[in-house]
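The values are calculated or read from the model by the stated rules, or taken from the named source; none is laboratory data. These numbers were taken from a predicted model, which means no experiment stands behind them. Don't worry about glycine lacking a Cβ; one is built from the backbone with ideal geometry, like all the others, and counts go over all protein chains shown. The protein model used for the area step is the full one, side chains on, heavy atoms only, and it has no ligands, DNA or RNA in it. Shrake-Rupley method; radii C 1.70, N 1.55, O 1.52, S 1.80 Å.
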Amino acid sequence: MPNTKQAAKRLRQSEKARIQNKSARSAMRTSVKKVLSAETPEAAAESLPLAMKRVDKAAKRNVIHKNAAARIKSRLHSAATK
């Protein structure tokens, strides 16, 4: 339990950020799985731009590290082009 007004505000802010980060991470993971589990290469190529966009946005918002985003994008691209 926060003891000061400042601590209470930080608690509210961090809870709001946690929810937004969780949503962004979940959306990113869903789109990545959609590419990786695509039945055909055409379906993977079709869902690839959305996955790349969500990975980039997650990195931009510091939900994931920029190097992790680069690694995910690289693996997605190689998986989609096979």
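Tabulated values for the structure
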| read-out | value |
| --- | --- |
| Residues located in region 1-31, provided they are over 23 Å from L50 (Cα atoms) and β-branched (V, I, T) | T4 |
| Test for N21: is it surrounded by 12 or more Cβ atoms within 10 Å (Cβ to Cβ), within 18 Å of the chain's Cα centre (by Cα), modelled with pLDDT of 95 or more and part of a helix (DSSP H, G or I) | yes |
| Residues that are within 18 Å of the chain's Cα centre (by Cα) and of a type in the set (K, R), drawn from region 1-18 | K16, R18 |
| Residue list for region 24-52, restricted to those being without any contact (Cβ under 8 Å) to a residue 12 or more places away in the chain and over 13 Å from the mean Cα position of the chain (by Cα) | S37, E39, T40, E42, A43, E46, P49 |
| Selection status of A38, open to solvent by less than 60 Å² (accessible area, probe 1.4 Å) and at pLDDT 95 or above | no |
| Selection within region 51-70 - surrounded by 15 or more Cβ atoms within 10 Å (Cβ to Cβ) and either modelled with pLDDT under 95 or part of a loop (DSSP other than H, G, I, E, B) (or both) | V63, I64 |
| Residue satisfying all of: in region 24-35; open to solvent by 30 Å² or more (accessible area, probe 1.4 Å) and among the hydroxyl-bearing types (S, T, Y); farthest from H77 (Cα to Cα) among these | S26 |
| Filter pass, A8 being without any contact (Cβ under 8 Å) to a residue 12 or more places away in the chain, open to solvent by less than 40 Å² (accessible area, probe 1.4 Å) and at negative phi | yes |
